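Trainee: Right, I'll just put the structure down here and ask away after.
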Amino acid sequence: MRKTLKHITLAHLVGVIAGLGLAGPLQAAGQDEPTAAAPATAASAVDMTDGEIRKVDKDNGKLTIKHGDIKNLDMPGMTMVFKVKDPAMLDKVKAGDKIRFVVENTPSGFTVTELVPAGK
């Protein structure tokens, strides 16, 4: 999963900057007023990934997901365990559910930040 500079996308950079707490008002050249602040996450700029819930671990706040390629992380499809940003996500799914989700590499590890049933 080693990335070279040519593989870093704008969405990835925004996510890294936001994760470091450096995202703030951005100012375009020639403007006196700052433009809108950068998004807190790059999720809006990232495609959702198809997956299937294999296990829900409410005690530890984790989901085991069999997933396709995760483009924003340059990760091939596989089955792995993810933390969830919001424990309420765990109440919305069960083993066997088809989902679409966004995962980000946070300081605490790979974390599901958005999750919806497939087809929505």
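The numbers here are math on the coordinates, done by the rules we state, and not lab data. Since the structure is predicted, the reported quantities are computational estimates derived from the model, not experimental observations.
Trainee: From the alpha carbon gyration tensor of region 47-117, can you work out the equivalent ellipsoid semi-axes (sqrt of 5 times each eigenvalue) and give them in Å, largest to smallest?
Mentor: Square roots of five times the eigenvalues give 17, 14, 10 Å.
Trainee: Using 0.36 nm times the number of residues separating MET78 and ASP57, minus their current alpha carbon distance, what extension gain do you get?
Mentor: 5.7 nm
Trainee: Leaving out same-chain residues fewer than 8 places away, which aspartates and glutamates sit with a Cα under 18 Å from that of LYS66?
Mentor: Correct list for LYS66: ASP47, ASP50, GLU52, ASP57, ASP74, ASP97, GLU104, GLU114.
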